[in-house]
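See structure below.
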Amino acid sequence: MGTNLALALLKKCIFTLSWLVPRNANKAVLGCYKNRFADNSKYLFLHWQQTHFMQTIWISGDKALIHTLKQQGYTAHSRWSLLGIYHALTAKYYVYNSYIGDINQWLAAGAVRINLWHGSPLKKIEFDITTGPLAPKYQSRSLWHVGLQALHYHQEYVRPSLMLSPSPLVGESFQRAFRLKEDSLLTSTNPRTDYYLRYPEQRQTLPLKEDGTVYRRVILYAPSWRDALWQSNQHSIPHLAMDNADSPYQAAFDWQTLSQHLVDTDTLLLLRLHPNERHYAAQFCAYPNVLDISDWDDVYGILHRVDLLITDYSSLFIDVLPLEIPVLFYRFDHEQYLNQSRDCYDIGQDPLSIGQVAYQFDHLLTLLLEMSQLNTKPQPNKAYKQLQCLYWSQHASGLSADNLATDAISVDERHDDSFARLEQHLRQGQTQSFKFTFGTDIKPRI
């Protein structure tokens with residue numbers, strides 16, 4: 001206990017001292033959770049690499065990823081390499097998807113910390129969490145306990161300088177969960193949902209069938225991470241035979257029957273498990289018409305090809321709302337999840353109202369069969385439109401999957417996106433900084 005506390009104090013001192021290092025206002029370091037190259041920070045990095053808005057460096061602990069990025073012509077360094085440390089100490093901007101540890105949690109003091117976050121607030125996040133296994137990290141009993149928690153969970157307790165909010169609902173949730181001031185929120189969409197609108201030529205392609213033709217339908221199955229321990233609660237779900245199951249998804253599906261349905265209806269199922277659970281996916285990819293994409297960076301480059309999203313508690317369905325992709329909720333562990341995992345935000349509307357809901361596999365299969373017989377894509381219902389406005393506000397219009405597939409997004413819309421808004425905000429911040437320092441309106445380099 002004493003040794004751990006001393007080490008935590010030493011690291012906190014290093015963090016504090018990093019505030020003294022002069023930082024380059026024309027340089028940003030970017031990173032991602034689990035040392036990946038994905039999500040919002042990835043797309044902002046790719047955009048800035050193409051526009052040269054400022055010097056951008058990708059930081060990661062994955063040496064293989066760093067090697068790959070360098071081969072592709074990007075600037076990237078390992079976290080604890082000499083250049084990685086140098087850039088983490090001297091960059092004015094830290095841009096990340098979860099915490100400053102995506103880059104370097106001990107060298108971030110004095111930097112402008114831009115947390116782009118990796119989802120939308122559906123389940124409670126950060127300091128709003130009061131139930132489930134993550135609650136003890138954020139809920140403290142006394143000031144003394146708060147201090148100990150801030151040492152033990154250092155990066156979780158370092159507040160962002162800036163976050164993006166596509167609607168008042170999202171902004172209010174972020175403000176509470178991350179303990180932000182109101183001026184730390186920038187009204188904007190997200191790089192992950194904007195990138196392929198601005199760069200449609202970079203969208204990914206899906207594999208063809210053996211005869212060289214495309215699948216008639218594409219379904220994306222993307223469940224949420226089950227942060228409560230599955231094994232300790234498996235007995236609470238009576239309709240799942242868990243004795244021989246290797247994962248919750250083995251028990252929740254009859255994969256042979258599902259695969260046969262996919263073959264019969266000329267459908268491709270994209271299996272996208274959460275990064276914390278992607279090891280489960282290997283046992284399912286041998287089934288015909290099932291493609292495991294759990295090791296892909298993310299799914300945003302193929303959303304224009306998706307005809308149906310199947311999910312459960314994942315906030316990914318919020319990201320597809322502007323695209324008007326139909327959503328089917330498969331909540332096979334509904335009771336267990338509600339009892340053992342995080343609470344969800346009360347948004348004044350039941351998210352399940354936007355689509356069909358299944359709690360058992362037989363019902364799921366029936367719904368899939370009914371949907372496969374439709375000749376046209378179903379139109380969003382009133383609840384879908386209402387939720388679209390709650391999460392995306394005025395940004396929800398004009399971005400349907402049909403428009404996305406046909407490049408029917410205007411130049412004006414592409415240039416009023418998250419990239420443009422963030423760049424304008426940073427320019428304004430730099431101009432104000434120069435005015436304060438020099439007493440004159442000097443235009444910064446960016």
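Bear in mind these aren't lab numbers, they're just calculated from the coordinates by the rules spelled out. The structure displayed is predicted, hence computed values, not measured ones. With ideal geometry, Cβ positions are generated from the backbone for all residues, glycine too; neighbour counts draw on all protein chains shown.
Values as computed for the structure displayed
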quantity: Taking only Cα atoms of the stretch 19-149, radius of gyration then Dmax in Å; calculated: 16.2, 51
quantity: Gaussian network model of the chain, Cα within-10 Å springs - most flexible of Leu270, Leu387, Leu148; calculated: Leu148
quantity: Part-to-part distance (alpha-carbon centres) for the stretch 362-379 and the stretch 66-145, which is given in Å; calculated: 41
quantity: Length released on extending from Glu370 to Thr205, taking residue separation times 0.36 nm less the Cα-Cα span; calculated: 56.7 nm
quantity: Length released on extending from Arg179 to Asn26, taking residue separation times 0.36 nm less the Cα-Cα span; calculated: 52.3 nm
quantity: Between helix 39-51 and the chain: long-axis angle, C-alpha atoms, 0 to 90°, nearest 10; calculated: 60
quantity: Length-normalised contact order of the chain in % [C-alpha pairs under 8 Å, at least 6 apart]; calculated: 15
quantity: Net length gained if the chain between His67 and Gln50 were fully extended (0.36 nm per residue, minus Cα distance); calculated: 4.2 nm
quantity: DSSP-defined antiparallel bridges as percent of all bridges, the chain, nearest 5; calculated: 5
quantity: Chymotrypsin sites (Phe, Trp or Tyr not before Pro) restricted to DSSP loop in the stretch 1-87 with at most 14 other C-beta within 10 Å; calculated: Trp80
quantity: Theoretical FRET efficiency, 1/(1+(r/R0)^6), r = Cβ-Cβ of Gln256 and Thr75, R0 45 Å, to 0.05; calculated: 0.40
quantity: Cleavage-rule hits, trypsin sites (Lys or Arg not before Pro), the stretch 133-181, DSSP coil, Cβ neighbours within 10 Å at most 11; calculated: Arg141, Lys181
quantity: Percent of alpha-carbon pairs separated by more than 38 Å within the chain; calculated: 25
